[in-house]
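Below: the structure, in structure tokens.
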Amino acid sequence: MRCIKCRQPAAVEVRRHHSAFCPEHFIEFFDNQVRRAVHDEKMFSPEDRILVAVSGGKDSLALWDVLLRFGYQATGLHINLGIPGYSDLSQEKTEAFARDRGAELIIVDLEADYGVTVEDFKRGSERTPCSACGLSKRYIFNKVALEQGFDVVATGHNLDDEAATLLGNLIHWQDGYLIRQGPVLPAGYPNLVKKVKPLYRLAEREIAAYAVLRGIDYVLDECPNAVGARSLLYKEALNLIEQHSPGAKQNLYLGFLQKGRKLISAAEERPQLVECERCGMPTTAQVCSFCRLMERVRIRLRRSKPEPVAPPAAR
Ligand code: Q46
Ligand code: ZN
Ligand code: ZN
């Protein structure tokens, strides 16, 4: 197989584009996909301060890497979730990446800053750990961006993630989520920072290839809580279809963005957001989901702790 640009031996095949590239031209292809995403969806401009949500995995580090190479003001935000055997290594890899590139990095530690870890969510919430974790991450990304004056939050969601989420939303006909699904979530309300996904045009294996070619040292292991997640099942199903029909994943997601979204948003009713009476963040209820989650987890944790032994009576 040869590079379609220079006829040198190819390093990466991109079947859905009927293409193959040498390392140099693959990076060029990758860059073009990111530039196109940023431009077409009007994600941000060179003046904007971007907060990149960095887990230490390939997608978020590749995103941070490409934005820094393009010269954007991209600061990383890593949240240590307190997951044994995973979180500390993720933080180390993120810190090493930032150090090597002289990039600015903000760290939030869920346990030190909020008094809980994702492990506590398993005992203290009726949500699945991933649902509580996802909710907390979104809340913290928004809060940090708001408090520190960032214009936009960027996440490393790729084509596989977005297609799998879309499939899940379609299977369960989650019309509320379908309306909001897309590579840009505009600010729209006070206290809500714009969210963007600049890697939505790139498949997971293309991002892995980019990370390897760029020498990015990322956490290889998935979070242990991801095992058995529905999203992985949807990804597997889509990969099977993709094997037999290259481009199916892209057609599903990009087709949804071009056609499906219009149909759904024609009937859109925007939810009315108000300020959470405890923390001031936007919510559809009186108290936001994050504050309710924290309250429940803390109460249950307190209850599950053994009663303190009464001190001996003073003589
Ligand atoms: S970190 Fe958190 Fe993920 Fe781990 S607990 Fe689930 S949501 S799987 S991206
Ligand atoms: Zn080439
Ligand atoms: Zn709140």
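The values are calculated or read from the model by the stated rules, or taken from the named source; none is laboratory data. None of these values were measured; they are calculated from a predicted model. Cβ atoms come from the backbone with ideal geometry, glycine included; neighbour counts cover every protein chain shown.
Looking only at residues in segment 74-85 that are buried (at least 21 other Cβ atoms within 10 Å of the Cβ) and either aliphatic (A, V, I, L, M) or modelled with pLDDT under 95 (or both), the one that is farthest from G215 (Cα to Cα) is L81.
Here are some residues: E92, E13. Which one is farther than 25 Å from D151 by Cβ, within 16 Å of ligand 2 (Cβ to nearest atom) and among the charged types (D, E, K, R)? Of the residues listed, the single one that is farther than 25 Å from D151 by Cβ, within 16 Å of ligand 2 (Cβ to nearest atom) and among the charged types (D, E, K, R) is E13.
The set of residues in segment 189-217 being within 18 Å of the chain's Cα centre (by Cα), of a type outside the set (A, V, I, L, M, F, W, C) and farther than 25 Å from L252 by Cα is empty. Being in contact (Cβ under 8 Å) with a residue 60 or more places away in the chain and either part of a loop (DSSP other than H, G, I, E, B) or basic (K, R) (or both) is a property that does not hold for D161.
Here is a yes/no grid of residues against (1) of a type in the set (S, T, Y); (2) surrounded by fewer than 16 Cβ atoms within 10 Å (Cβ to Cβ); (3) without any contact (Cβ under 8 Å) to a residue 40 or more places away in the chain:
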position: T165; (1), (2), (3): yes, no, no
position: Y177; (1), (2), (3): yes, yes, yes
position: R201; (1), (2), (3): no, no, no
position: L220; (1), (2), (3): no, yes, yes
position: S245; (1), (2), (3): yes, yes, yes
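Of all residue pairs spaced 6 or more apart or on separate chains, those with beta-carbon atoms under 7 Å, a first member in segment 179-192 that is within 13 Å of K42 (Cα to Cα) and a second member that is of a type in the set (S, T, Y) and not in a helix (DSSP H, G or I) are P183/Y200.
Pairs meeting the criteria (first residue in segment 274-291 and farther than 12 Å from R138 by Cβ and among the hydrophobic types (A, V, I, L, M, F, W, C), second residue part of a strand (DSSP E or B) and more than 16 Å from ligand 1 (Cβ to nearest atom), beta carbons under 7 Å, at least 6 apart or on different chains) are V274/T283; C276/T283. V227 passes all but one of (1) β-branched (V, I, T); (2) within 18 Å of the chain's Cα centre (by Cα); (3) more than 17 Å from D65 (Cα to Cα); (4) at pLDDT 95 or above; which number fails? Going through (1) β-branched (V, I, T); (2) within 18 Å of the chain's Cα centre (by Cα); (3) more than 17 Å from D65 (Cα to Cα); (4) at pLDDT 95 or above one by one, V227 breaks only (4). The selection criterion, being in contact (Cβ under 8 Å) with a residue 40 or more places away in the chain and outside any helix (DSSP H, G or I), holds for G149. Can you tell me which residue within segment 222-243, out of those that are touching an Asp or Glu at 6+ places or on another chain (Cβ under 9 Å) and among the polar types (S, T, N, Q), is surrounded by the most Cβ atoms within 10 Å (Cβ to Cβ)? So, considering only residues that are touching an Asp or Glu at 6+ places or on another chain (Cβ under 9 Å) and among the polar types (S, T, N, Q), the one surrounded by the most Cβ atoms within 10 Å (Cβ to Cβ) is N239. The lone criterion from (1) within 16 Å of ligand 3 (Cβ to nearest atom); (2) of a type in the set (F, W, Y); (3) in contact with an Asp or Glu (Cβ under 6 Å, 6 or more places away or on another chain) left unmet by F290 is number (3).
Exactly one residue out of L220, L232, L213, L199 is closer than 26 Å to L89 by Cα and within 16 Å of ligand 2 (Cβ to nearest atom): that is L213. In segment 231-315, counting only helices (runs of 4 or more DSSP H) that sit wholly within it, the ones holding 3 or more residues that are at pLDDT 85 or above and not polar (S, T, N, Q) span 248-255, 289-304. For beta carbons closer than 6 Å, sequence separation of 6+ or different chains, a first residue in segment 121-133 that is modelled with pLDDT of 85 or more and a second that is of a type in the set (D, E, K, R), the qualifying pairs are P129/K122.
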